[in-house]
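Engineer: Quick one: this structure, given as structure tokens, is what I'll be asking you about.
The values are calculated or read from the model by the stated rules, or taken from the named source; none is laboratory data. Fair warning: this is a prediction, and the values are worked out from it, not measured in the lab. Note that we place each Cβ from the backbone using ideal geometry, even for glycine, and neighbour counts take in every protein chain shown. Side chains are part of the model used for accessible areas, which takes the heavy atoms of the whole protein and leaves out ligands, DNA and RNA. Shrake-Rupley method; radii C 1.70, N 1.55, O 1.52, S 1.80 Å.
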Amino acid sequence: MLNKFRLLTPGPTPLPERVRLVLARDMIHHRKGEFKEIMAQVQVGLKTLFGTTSTVLPLSCSGTGAMTAAVYNLFAPGQKVLVVEGGKFGQRWREIAISHGLEVQSIIVPWGEVVTAEAVQAALNADPSIAGVLIQLSETSTGVLHPVEEVARITRDSQALLLVDGISAVGLSPCPMDEWGVDCLLTGSQKGLMLPPGLALLALSERAWACAEKLTPGCFYFNLIKEREYVHKGQTLFTSPVGLILGLKESLDMLLENGLKALYAKQWALTMLTRASLTAMGLELFAKEHFAWGITSVLLPDGVDGVEVLRMAQEKHGVSMAGGQDHFKGRMARVGHMGWVDWADVVAGIYALNDCLCAVGGYCGSRDYLEQGLAAYRAALAGEPGEPLSLVYNS
């Protein structure tokens with residue numbers, strides 16, 4: 001009873017009361033007029049959020065399902081794709097592609113670093129038969145933001161389709177699909193969209209649809225051609241996740257009611273708050289320069305048990321954060337600041353992290369680490385989203 005529970009993980013994320021109330025309403029039928037009207041309204045909001053004139057497909061699955069749907073509908077077994085592997089979810093692109101019988105060529109990027117557009121260009125020049133480039137916008141396992149806009153300048157002048165996993169980026173940082181030239185953009189419901197897990201959203205460019213129309217879908221359930229036909233009728237191909245679609249309508253209203261710039265300004269300011277505070281504490285940010293706007297990954301000092309730190313943070317302070325994955329398990333903390341999270345939630349999370357870090361033998365490099373973070377927050381709000389801050393963090 002001492003502390004409210006705060007969910008600061010990179011998904012699932014907290015649910016706004018407005019969304020929870022919509023999720024609690026009586027069920028409606030997914031083939032009737034009321035639902036069709038809501039689907040039409042959802043399409044308008046999704047196109048704005050994705051920055052596209054293309055149909056955005058709601059799929060009853062997780063984000064991994066949308067990744068699978070994209071691969072199985074856009075490529076035929078035996079085709080070659082280029083996968084950017086810089087974390088756990090880059091590896092997932094590879095695993096999905098292999099499961100569909102694709103020939104995979106990977107660009108291996110050290111965790112915490114980004115792929116360069118030059119590396120993608122060199123790979124495409126060396127093998128013009130590559131049919132697709134598969135990449136994350138935000139690599140959730142590391143907190144890295146890959147330069148998708150730069151990569152898109154290369155792929156749109158080639159035959160390779162650009163597939164972008166925006167699961168921990170859409171609704172958090174800009175990715176105007178049509179303007180950049182992205183061929184497939186997908187996301188999941190449980191991160192920036194402020195919904196429970198179980199719904200994925202996917203949009204294709206005109207040239208991606210042209211590829212899909214030439215192929216027999218590799219999966220009965222994920223048939224994007226038929227899904228598009230049904231969405232145009234205000235329905236989904238199979239049984240709709242009615243509650244999640246109703247919640248999506250409400251979350252889109254919330255996300256867009258002040259415009260995309262205001263949405264991104266908030267996310268950028270929360271990112272600056274988090275990074276400034278953690279830096280002032282003396283911790284090492286994992287993604288040094290190219291970092292996500294919804295999650296901040298930080299390395300913990302040698303000898304500190306990261307699993308214990310996060311366990312204590314939840315038990316003592318009511319703050320749930322994520323740890324590192326694979327070889328960074330126990331060595332990293334991942335602080336989520338996406339969706340229905342504000343500055344006070346983030347401050348509480350950083351305070352909990354600092355307190356528990358010190359309790360297990362770690363250290364703090366500053367007594368005003370929260371003040372420095374809030375100064376960065378105010379400065380970021382006063383500037384433009386994505387504009388670097390000229391602050392010096394002192395201990």
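Engineer: So what are the ³J(HN,Hα) numbers for region 289-303, from phi and the Karplus equation (6.51, -1.76, 1.60; θ = phi - 60°), rounded to whole Hz, Gly and Pro as x?
Structural biologist: Ordered by residue, 3J(HN,Hα) equals 10, 9, 10, 5, 9, x, 8, 10, 9, 9, 7, 9, x, 4, x Hz.
Engineer: Moving on to the next point. Provide the packing ranking of 223-234, 185-196, 81-92, i.e. peptides ordered by the mean count of other C-beta atoms within 10 Å per residue, highest first.
Structural biologist: Highest to lowest by the protection proxy: 185-196, 81-92, 223-234.
Engineer: A follow-up question, please. For region 209-254, what is the Kirkwood hydrodynamic radius in Å, using each pair of distinct C-alpha atoms? Write down the numbers at each step before the final one.
Structural biologist: On the way: mean 1/r = 0.0821 Å⁻¹.
In region 209-254 this quantity evaluates to 12.2 Å.
Engineer: OK, next. Among DSSP bridges having both ends in the chain, what percentage is antiparallel? Round to the nearest 5. Display every interim value, and only then the final one.
Structural biologist: Numbers: 21 of 41 bridges.
Around 50 percent antiparallel, to the nearest 5.
Engineer: Compute the Rg to Rh ratio over region 227-308 from the alpha carbon atoms, using the Kirkwood formula for Rh, and round to two decimal places. Write out the running numbers ahead of the final one.
Structural biologist: Numbers: Rg = 19.8 Å, Rh = 16.5 Å.
Rg/Rh for region 227-308 comes to 1.20.
Engineer: Mind listing the phi-derived Karplus ³J(HN,Hα) values for region 131-142, rounded to whole Hz, using 6.51, -1.76 and 1.60 with θ = phi - 60°, and x for any glycine or proline?
Structural biologist: Per residue, the Karplus-derived 3J(HN,Hα) values read 9, x, 10, 10, 8, 8, 7, 10, 7, 4, 6, 10 Hz.
Engineer: Kindly give Rg over Rh for region 15-74, based on alpha-carbon atoms, with the Kirkwood expression for the hydrodynamic radius. Numbers along the way, then the final one.
Structural biologist: Details: Rg = 14.1 Å, Rh = 13.8 Å.
Rg divided by Rh gives 1.02.
Engineer: Pairs of Cα atoms under 8 Å, at least six residues apart: use those to get the relative contact order of region 192-320, whole percent. Provide the component values of the computation, followed by the final result.
Structural biologist: Values: 63 pairs, mean separation 22.8, N = 129.
Reported as a whole number, the value is 18 percent.
Engineer: Let me ask another. Based solely on its DSSP helices, what 222 nm [θ] is calculated for the chain when runs of n ≥ 4 H residues each add -39,500 (n - 2.57) and the sum is averaged over all residues, nearest 500 deg cm²/dmol? If you can, show how the numbers build up before the last one.
Structural biologist: Working: 14 runs with 167 residues, N = 395.
Counting only the DSSP helices, I get -13000 deg cm²/dmol.
Engineer: Sum up the charges of everything whose Cβ sits under 10 Å from the Cβ of Lys80, counting Lys and Arg as +1 and Asp and Glu as -1, but leave Lys80 out.
Structural biologist: Values: positive: none; negative: Glu103, Asp127.
So the environment of Lys80 carries a net charge of -2.
Engineer: At a 1.4 Å probe radius, carbon and sulfur cover how many percent of the accessible area of region 190-296? Display every interim value, and only then the final one.
Structural biologist: Details: 2160 of 3920 Å².
So the carbon and sulfur contribution to the accessible surface is 55 percent.
Engineer: I've got another one for you. Averaging sequence separations of C-alpha pairs under 8 Å and six or more residues apart, then dividing by the length of the chain, give the relative contact order as a whole percent.
Structural biologist: Values: 835 pairs, mean separation 88.8, N = 395.
Once normalised by length, the contact order is 22 percent.
Engineer: Angle, helix 306-317 long axis vs. longest principal axis of the chain, Cα atoms, 0 to 90°, nearest 10?
Structural biologist: Long axis of 306-317 versus the principal axis of the chain: about 80 degrees.
Engineer: Further question: Between 0 and 90 degrees, rounded to the nearest ten: what's the tilt of helix 369-382 against the longest Cα principal axis of the chain?
Structural biologist: The angle comes out near 40 degrees.
Engineer: Okay, next question. For region 308-365, with all protein chains present and a 1.4 Å probe, just round the carbon and sulfur fraction of the accessible area to a whole percent.
Structural biologist: On the way: 1170 of 2270 Å².
After summing per-atom areas, the C and S share lands at 52 percent.
Engineer: Something else about it: Rank Tyr351, Tyr369, Tyr72 by accessible area, highest first, at a 1.4 Å probe radius?
Structural biologist: Values: Tyr351 110, Tyr369 20, Tyr72 40 Å².
Ranked from most to least accessible, the order is Tyr351, Tyr72, Tyr369.
Engineer: When the Cα atoms of region 293-391 are enclosed in a convex hull and the volume is divided per residue, what value in Å³ results? Before the final figure, lay out the partial values.
Structural biologist: On the way: hull volume 11.6 nm³, N = 99.
Considering the Cα atoms of region 293-391, their hull volume per residue is 117 Å³.
Engineer: Same structure again: Got a sec to turn the phi values of region 330-346 into Karplus ³J(HN,Hα) couplings, 6.51 cos²θ - 1.76 cosθ + 1.60 with θ = phi - 60°, whole Hz, x for Gly and Pro?
Structural biologist: Calculated HN-Hα couplings, in order: x, 10, 9, 10, 10, 9, x, 9, 10, x, 7, 10, 10, 4, 5, 4, 5 Hz.
Engineer: Could you work out the Kirkwood radius for the chain, taking every pair of different alpha carbons, averaging 1/r and inverting it, reported in Å?
Structural biologist: On the way: mean 1/r = 0.0465 Å⁻¹.
About 21.5 Å for the chain.
Engineer: How much net charge surrounds Lys36 when only other residues with a Cβ under 13 Å from its Cβ are counted (Lys, Arg +1; Asp, Glu -1)? It would help to have the intermediate numbers written out before the result.
Structural biologist: Working: positive: Arg31, Lys32, Lys233, Lys249; negative: Glu34, Glu37.
My count for the surroundings of Lys36 gives +2.
Engineer: Using modelled backbone amide H atoms (1.01 Å from N, in-plane), which distant-in-sequence or interchain residues come within less than 5 Å of Gly323's amide H?
Structural biologist: Residues meeting the amide H criterion: Arg334.
Engineer: A further question follows. Convex hull volume of the Cα atoms in region 243-363, per residue, in Å³?
Structural biologist: Details: hull volume 15.1 nm³, N = 121.
Per residue, the Cα convex hull of region 243-363 comes to 125 Å³.
Engineer: So which aspartates and glutamates can Lys261 reach, going by Cα to Cα under 14 Å and dropping same-chain residues fewer than 8 places off?
Structural biologist: Correct list for Lys261: Glu384, Glu387.
Engineer: Once both axes come from the Cα atoms, what is the angle between helix 117-126 and the longest principal axis of the chain, in degrees from 0 to 90, rounded to 10?
Structural biologist: 40 degrees
Engineer: So how many Å³ per residue does the convex hull of the Cα atoms of region 49-186 work out to?
Structural biologist: Values: hull volume 13.5 nm³, N = 138.
Convex hull of Cα atoms, per residue: 98 Å³.
Engineer: Turning to a different aspect of this structure: Calculate how many DSSP beta bridges within region 121-267 are antiparallel, expressed in % of all such bridges and rounded to the nearest 5. Can you show the working numbers first?
Structural biologist: Details: 7 of 15 bridges.
In region 121-267, approximately 45 percent of DSSP beta bridges are antiparallel ones.
Engineer: Report the net charge of residues surrounding Pro301, where surrounding means a beta-carbon distance below 11 angstrom and charges are Lys +1, Arg +1, Asp -1, Glu -1.
Structural biologist: On the way: positive: Arg331; negative: Glu284, Asp302, Asp305.
My count for the surroundings of Pro301 gives -2.
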